[in-house]
Structure formats: C-alpha cells, structure tokens
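J.: Once you've had a glance at the structure underneath, I'll fire off some questions.
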Amino acid sequence: MTSFEALDLFSGSGNISYEFASRGCPVVHAIEIDPRHVSFIRSTAEKLGLCQIRVIRDDVFHFLSICKQQYDVIFADPPYDMTYIEKIPDLLFEQKLLKPDGTLILEHSRRNDFSGHKYMLDFRRYGNVHFSFFKCQI
C-alpha cells in the first residue's frame, strides 16, 4: 500500500481516517470545518501514533475547489440534511480527484438515490445508513 492515498470528507470524529491509517494507508487527509472536531482528530491521531493523518480545517466544498491531489479512495459522510449531497459525486468526478481506478464511497440517508448515476458501482444498506459506491469506468 505504499502509494495508497485516502480522503475523508466531513470527517466528524475522524473514525474513518483512523480506520484508513490503522490498516496501513500511508496518506490520509481528513477534511473537517468544526474546530472542536479538528482538535479532537488531531489529538486522537497523535495519541494513537497515526502520524499519516493530516487534518485540514476547511469547508469541504472550498477544499474540493482548490484540491489538486488525486486519491485512491474518497469517503464522504456529509450531514444527512445537507442540501447538496446529490452534487458531491459529480463534483468529485469533474474535479478529477479520484485516481483512474479510485473509488468514492458516499454515506447518505434513504432520501438520496444515486442508482441512475453514470458512475454508480454498488449500493449497500445497513439499517438506516446507506452507502453508494462510485467508480469512474472509462
């Protein structure tokens, strides 16, 4: 996994970032706007010795507009009541933030249906939590 890079959008408490790092991912960027969450992720990553996690305090949509890096996996867990959830996959693909064989995992509520999206790969439901998987199939 030497070149594997992950992006955790709307990081919250950082659980997904910790998972990526604990499984050997050498580069994890966690994007979170809430300063309390940013501080928590940083201190927890330090306590756990997960130095590969870089926490960036920023609005996700601003970060995406300036990001020039590509990732193998992007995990996005936006607030379920967010207005623009349906735009996230298109934005990520337009910005070319996934590496050619990269995967986007989007967590969302049942109100969102991405089954018609051209890059939709798979869908999983665990109780009230829904995950849509996307892959650019060139």
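J.: Just need the Rg to Rh number for the stretch 1-81, please, alpha carbons only, Kirkwood Rh.
T.: 0.94
J.: So, one more: Under a point spin-label approximation (7 Å from Cα along Cα-to-Cβ), what is the Ser65-Tyr84 distance to one decimal in nm?
T.: Going by the 7 Å Cα→Cβ label model, 0.7 nm.
J.: Over the chain, what per residue volume does the convex hull of the Cα atoms give, in whole Å³?
T.: So the per-residue hull volume is 111 Å³.
J.: Evaluate the distance, in nm, between pseudo-label points positioned 7 Å from the Cα of Asp101 and of Ser3 along their respective Cα→Cβ axes.
T.: In this crude label model, Asp101 to Ser3 measures out at 1.0 nm.
J.: Between Ile56 and Lys118, what length in nm is gained on full extension when 0.36 nm per residue of separation is reduced by their alpha carbon distance?
T.: 19.3 nm
J.: Keeping to pairs on different chains or 8 or more places apart, tell me how many lysine pairs in the chain have Cα atoms under 14 Å apart.
T.: Qualifying lysine pairs in the chain: 6.
J.: As a test of the formula, what do you get for the chain when each DSSP H run with n ≥ 4 contributes -39,500 (n - 2.57) and the sum is divided by the residue count, at 222 nm and rounded to the nearest 500 deg cm²/dmol?
T.: Here the helix-only value at 222 nm equals -7500 deg cm²/dmol.
J.: Within the stretch 42-116, list the trypsin sites (Lys or Arg not before Pro) lying in a DSSP loop whose Cβ has at most 14 other Cβ atoms in a 10 Å radius.
T.: In loop regions of the stretch 42-116 (DSSP not H, G, I, E or B), the sparsely surrounded trypsin sites (Lys or Arg not before Pro) are Lys68, Lys96, Arg110, Arg111.
J.: Then there's this: Want the number for Ser43 to Val129: 0.36 nm per residue separation, take away the alpha-carbon distance, what's left?
T.: That works out to 28.2 nm of additional length.
Bear in mind these aren't lab numbers, they're just calculated from the coordinates by the rules spelled out. Computed from a predicted structure; not experimentally measured. Every residue, glycine among them, receives a Cβ derived from its backbone with ideal geometry; neighbour counts consider all protein chains shown.
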